[in-house]
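What follows is a set of notes on a single structure, which appears directly below.
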Amino acid sequence: MKLKQFTRAIFCAALIMSAATGTASAAGERMQLKGELIDTWCYVSQIMGGSDFIVGSAHHACAVWCAAGGIPVGLLAEDGTIYMVMRVGKDSTSVANPGVLGSMSHVVTVNGTVHKRDGINYLFVDEIVADAGITKLTHETVGVIPPFAVPQQ
Amino acid sequence: MTHGIEMKRMLVVAAAAGAALCASASAYAAKSWGVTNEEIARFDAKVVDIACELGGDCPANCGDGKRQLGLLTDDGKLILVSKNATAFTGAAEELVDFCNKQVTADGLWTENRGVRFFAIQFVREVGGEWRAANRFTKKWSARTGIEESKAGNWFRHDLRIKEVFDQKGLLGLGAEADKKFLESRQ
Ligand SMILES: [Cu+2]
């Protein structure tokens with residue numbers, strides 16, 4: 001009898017859990033995305049100048065600052081769409097995630113789930129499957145943005 | 001855009017941010033930062049953990065500052081708050097104190113490249129006392145044990161950042177690339 005109750009409890013728990021995951025995945029869309037991990041504030045606001053140079057090596061230092069400061073990290077896909085990174089693997093830290101700080105400005109390929117809500121794409125990354133490093137050598141054209149990120153000698 | 005103009009712009013922005021903080025004792029109203037498609041706004045909304053709102057993964061206290069937080073309006077719109085009023089910092093540390101509470105948010109919108117999100121400059125619980133959204137530096141100082149006099153430039157003293165730069169250089173391309181770049185500037 002006890003075993004039966006236990007089995008039923010497990011069964012019900014499993015049912016509820018699958019229902020919960022079902023709801024979550026129904027709202028989101030499984031995707032593989034390739035793009036650069038960017039600092040969304042500087043890129044979107046253009047507070048430091050045009051978005052086209054708020055990528056790659058020119059903005060690497062600032063991108064690390066902003067990620068460590070808890071500004072949302074974005075994945076800038078090749079088609080220009082921005083996805084806000086809300087989780088990486090099992091780590092649901094989306095503020096200064098230590099697993100992302102060392103990959104800022106890198107072009108990565110990820111598998112994950114995208115939830116679209118009120119104009120923003122929220123990306124829950126399951127795994128980073130490839131990392132091509134920094135591919136845009138923007139510092140060769142514009143130096144470092146902001147210039148004061150370069151330590152004074 | 002030349003460096004001169006960028007620098008000038010940075011100074012204007014820094015001055016604007018500074019002025020906003022200095023004026024905070026008397027005037028709790030957002031100042032312009034000159035960002036793209038800027039729109040100054042004040043509205044009431046509930047502070048929510050975005051991952052919780054989207055997927056039902058809801059740790060205690062909205063993730064204790066480790067999660068991106070948003071503002072949920074009465075008509076069900078979810079707003080991503082990307083920025084607070086200190087340098088190079090987000091809004092989680094400002095909003096987490098109001099987890100699941102109704103607040104009045106004061107700040108500005110920026111919109112570009114398909115994203116519209118909010119930068120918060122002042123916040124209060126509805127009917128409560130205003131505060132400037134500049135708690136980050138104090139909390140950073142408390143968390144790291146690094147004195148508050150350095151917290152204004154926290155990004156120059158943060159050990160997590162130092163570790164990345166030590167390993168990958170300022171440009172993210174390694175020490176050799178940094179050396180070449182710095183030499184080319186002389
Ligand atoms: Cu930045």
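The values are calculated or read from the model by the stated rules, or taken from the named source; none is laboratory data. None of these values were measured; they are calculated from a predicted model. With ideal geometry, Cβ positions are generated from the backbone for all residues, glycine too; neighbour counts draw on all protein chains shown.
In table form, for the structure just shown:
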read-out: Hits in segment A:28-46 - residues which are within 8 Å of the ligand (Cβ to nearest atom) and not in a helix (DSSP H, G or I); value: A:Asp39
read-out: Total residues in segment A:49-66, condition more than 7 Å from every other protein chain (Cβ to nearest Cβ) and more than 9 Å from the ligand (Cβ to nearest atom); value: 5
read-out: Segment B:58-104: number of residues that are of a type in the set (Phe, Trp, Tyr) and not in a loop (DSSP other than H, G, I, E, B); value: 1
read-out: Which listed residue, of B:Gly114, B:Gly76, B:Gly145, B:Gly172, is of a type outside the set (Asp, Glu), at positive phi and buried (at least 18 other Cβ atoms within 10 Å of the Cβ); value: B:Gly172
read-out: Answer from A:Gly74, A:Gly49, A:Gly80, A:Gly56 - the residue that is within 22 Å of A:Gly119 (Cα to Cα) and surrounded by 16 or more Cβ atoms within 10 Å (Cβ to Cβ); value: A:Gly74
read-out: Breaking point among (1) facing another protein chain (nearest Cβ under 10 Å); (2) under 29 Å from B:Trp140 (Cα atoms), for A:Glu140; value: (2)
read-out: Residue in segment A:93-106 that is more than 21 Å from B:Asp158 (Cβ to Cβ) and within 9 Å of another protein chain (Cβ to nearest Cβ) present; value: no
read-out: Flag for A:Thr81 being within 14 Å of the ligand (Cβ to nearest atom) and modelled with pLDDT of 95 or more; value: no
